[in-house]
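A.B. asks: The structure follows.
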Amino acid sequence: MTSIDAHRAASTGRSFRHRAGARIGALIAAAALGLAVLAGCGGDNSQTDCNLNSCTITFDRGVDASVSVLGIDAKLISVQDSQATLEVAGQQVTVPVGQDAQSEGFNISVEEITADEVIVKISAN
């Protein structure tokens, strides 16, 4: 092996290791971003379970309950009988349990109302 061949082999190895390290770093960043998107819902007095295009939200009753999901804000305004009034993306909508409503390009369904909580599913249309 000539000195030129040895130099090429050494520089190729460094370049390969650098590219592999960059790829691993990019994969870790992408995975972290994906987890942040899936879990990237948060709010006050609420719990969320999200996937790429929908979130199931459990709002606590009797408190100021709100959440930010799928790029919008949602808030439980009131509950009367078997229907919930929510503010979704700035628009108020009243939805009976087991039914759906549309607001600002989102489908909102109230899955359950109990004495302690309201379970709502919001999905992108």
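A.B. asks: Of all the residues that make up the range 88-117, how many are surrounded by fewer than 16 Cβ atoms within 10 Å (Cβ to Cβ) and within 19 Å of Asn45 (Cβ to Cβ)?
C.D. replies: Selection size over the range 88-117: 6.
A.B. asks: Please state which one of Ala115, Ala124, Ala101 is small (Gly, Ala, Ser), over 18 Å from the mean Cα position of the chain (by Cα) and within 15 Å of Ile57 (Cβ to Cβ).
C.D. replies: Exactly one residue qualifies, and that residue is Ala101.
A.B. asks: Here's another thing I want to ask about it. Just need a number here: residues in the range 57-89 that are farther than 14 Å from Asp116 by Cα, assigned to a loop (DSSP other than H, G, I, E, B) and not aliphatic (A, V, I, L, M).
C.D. replies: 1
Just so you know, all these numbers are worked out from the coordinates, no wet-lab data involved. Remember, it's a predicted structure, so these values are computed and weren't measured experimentally. All Cβ positions, glycine included, derive from the backbone under ideal geometry; neighbour counts span all protein chains shown.
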